[in-house]
């Protein structure tokens, strides 16, 4: 099957936002064995959208659109696509009820223009939006398929996973299964180098590395008509990769770093607390992302001022005066202080220069100290990071959590 | 002038990378007064690249391509575009010298395949690459212009700024200026309803609303030949919009909610501390995003366990027992507790059921209490949110910060 991605939205043409939707869909479709030869972006203009559809269907059987499903006037996708396929717009009461329920749930008054979201071209398969009001749809017309998804990525990706994937699976008789191994602590080119033998001899399953922020994801994909065979082949390749990458792999598929850590802590009966300066709450927030965090995560202290470091964590004034807030000494005292005051087995801490200001020749922007209190032992690590304020803080968060994960794995 | 962006690269179609080039160029072209109606992405395939060029030139006078300029076999852009315009490839010695110099500078041996980079279609204007080996080019052909840029963003953006901008300035006499007003606390459809008169009568400047997570951005764009006239017209429309939306607008262009809040706090000489349960550090982390946060933000406490709520914030055991951790009483005690223990004028707190588990009929997932301590006054607000764990926490963070912003504005 050949598909094209058609992203609708003037904000894309004006460069207000990056088209992450096209990337997400491309990745998903590639994994599902659907060939994509073109992406197109077009503005909120019915005539141009129709022309783009015409061109797309001259090259492909399936077009997936994103954007233009909201209630406001420049959101015209459904109506325009309906016109393209010569379908009348019909009102869907069930869908209207869902939208009304959504507004009740979030305690807001539904404005009149939201009613337009309950109109669909005749014969459309309606796709539920679990993360917003705008439903999507699928239209089938003489061998052509049009899948219409919302623009906001949080709505689009969930709708794709929940509604489109099952639809596509019915369309093909080939099964494509994939498994993603998630790697932390080494870069993409290093990963590629380490498993180059496996990459070079790949046929089916295939394996492909993707850099994802501080992580590298290795996607193993197998295409067969037999599910068990696919699972077996994937398993075999996974074992080969794991034999080389070892603990650099922190999990797979839906695993998150914070989830893996919380599970390890729970298994070992350990409790954790976090004291943050430069990361300013990001480590705590990341741990709390995991729904079961309350079993192991006791508390976090964002001790941004020196006073807070002293009052909350018993950091010594002499250490602050002598070494400065950004120092291994203070990082260690913070980690010890939070673990002791929160009565936890493990304390983590960060203190650093996140930038853009505040750097000196001795303590430049990007210098961060990670502090660890681990069952009575106190230690720290100096790291130097690149990038803007947010990136320095984000990398620090991921690095300290990865260090903790590795320590937990070694702690038998 | 009408332009199109044509990004060439199979890695884009496979979803290996996000197309930030299209966004960068769109933003630049909009600012330069060049209208862009379409983006296209095509793989490293000469036939498909030629077809994409044909379609693009049926709609636009200028096509800007990115990608496909490197020395490896799948980089075929220059040759393919030369063929499209029926131009012979000719060797350029000057360019070859530059490439040789580049390799000397980075101390690497030049591989043979780099010679291909010194070949250009006859008549091409060569664009220097200050950040890599692959030069770009401009071809002019019977009113059609083709600007060919490299794929790596660090090379592309520098070449655009240094080589393309001067070229374009000679071509156009129109400028486009825009300003974005940022709205919090009301939804996209509500915003549109409120300013529908302005939207309906818009011509130049235009105004368009975009939903951005919990925010709505209103972009006012003016096209003229005179910069002062454009600024004046934008200013006039901004005043009209502000007269209607008032304090719902928190800032414009590069302003962030946290930045606006930190500035208001600094102006009023107020200090703030935050106690978080369900948001788990997100509010602190967001405030710390602002580089000047240390002047006003003293500390944050992520009191995830009941023990931490009691020990750190003096929340009363009776309140936890009687009302539960998710209650207005506990939210208020948390806000008061963090403000008093951190000696701050303002204390914020959150406690809620972020899900997916933990909900009951009385206290369902999405129920959150926001607590406020504001210069001696204590109060709270109950909110009900939709979406997954992360979204509930993210919305809570933005809502409480917006409430704080509004309180600060009213505090004369």
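We did not get these values from a lab; they are worked out from the coordinates using the rules stated. Every value quoted in this text rests on a predicted model; they were computed, and no experiment measured them. We place every Cβ from the backbone using ideal geometry, glycine too, and count neighbours over all the protein chains shown.
What the table shows:
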{"quantity": "Degrees separating the helix A:328-341 axis from the principal Cα axis of chain A, which is the longest one", "calculated": "80 degrees"}
{"quantity": "Fraction in percent of alpha-carbon pairs per bin - 5 Å, the stretch A:2-171", "calculated": "1, 9, 19, 23, 22, 15, 8, 3, 1, 0"}
{"quantity": "Length-normalised contact order for the stretch A:257-410 - Cα pairs under 8 Å, 6+ apart - percent", "calculated": "24 percent"}
{"quantity": "Radius ratio Rg over Rh of the stretch A:257-410, counting only Cα atoms, Kirkwood formula for Rh", "calculated": "0.95"}
{"quantity": "Part-to-part distance (alpha-carbon centres) for the stretch B:235-299 and the stretch A:285-313, which is given in Å", "calculated": "22 Å"}
{"quantity": "Rounded to 10°, Cα long-axis angle of helix A:389-410 versus longest principal axis of chain A", "calculated": "70 degrees"}
{"quantity": "Cβ-vector label at 7 Å, residue A:97, separations to other copies in nm", "calculated": "7.9"}
{"quantity": "Fluctuation leader among B:33, B:136, B:359 - chain B, Gaussian network, Cα springs under 10 angstrom", "calculated": "B:359"}
{"quantity": "Order of B:154, B:274, B:18, A:36 - criterion: other Cβ atoms within 10 Å of each residue's Cβ, fewest first", "calculated": "B:154, B:18, A:36, B:274"}
{"quantity": "Per-selection Kirkwood Rh - the stretch B:1-53 (Cα, Å, 1 d.p.)", "calculated": "11.7 Å"}
{"quantity": "Efficiency of FRET from Cβ geometry, residue B:322 and residue B:20, R₀ 51 Å, rounded to 0.05", "calculated": "0.45"}
{"quantity": "Dimensions (Å) - chain A, Cα atoms, principal axes, largest first", "calculated": "77, 55, 41"}
{"quantity": "Packing rank of A:216-225, A:392-401, where each peptide gets the mean count of other beta carbons within 10 Å, highest leading", "calculated": "A:392-401, A:216-225"}
{"quantity": "Range of Cα positions in the stretch A:180-306 per principal axis (Å), largest first", "calculated": "57, 30, 22"}
{"quantity": "Across the identical copies, how the residue B:110 labels are spaced - nm, sorted shortest first, 7 Å along Cα→Cβ", "calculated": "6.8"}
{"quantity": "Estimated Rh, the protein assembly as shown: Kirkwood, alpha-carbon pairs, angstrom", "calculated": "29.0 Å"}
{"quantity": "Taking B:194, A:62 and counting other C-beta atoms within 10 Å, the order from fewest to most", "calculated": "B:194, A:62"}
{"quantity": "Which of A:201, A:171, B:336 has the fewest Cβ neighbours within 10 Å, and the rest in rising order", "calculated": "A:201, A:171, B:336"}
{"quantity": "Euclidean distance of C-alpha centroids, the stretch A:1-47 and the stretch A:177-200, integer Å", "calculated": "27 Å"}
{"quantity": "Kirkwood Rh and Cα Rg combined as Rg/Rh, the stretch B:61-111", "calculated": "1.04"}
{"quantity": "On Cα atoms only, tilt of B:227-245 relative to the major axis of chain B in degrees", "calculated": "30 degrees"}
{"quantity": "The stretch A:175-252: radius of gyration over Cα atoms, expressed as a fraction of 2.2 N^0.38 Å", "calculated": "1.04"}
{"quantity": "Expected 222 nm ellipticity per residue - DSSP helices of 4 or more, -39500 (n - 2.57), all of chain A, to 500", "calculated": "-12000 deg cm²/dmol"}
{"quantity": "Rounded if a/c under 1.5, otherwise prolate or oblate - the stretch B:324-408, Cα gyration tensor axes", "calculated": "prolate"}
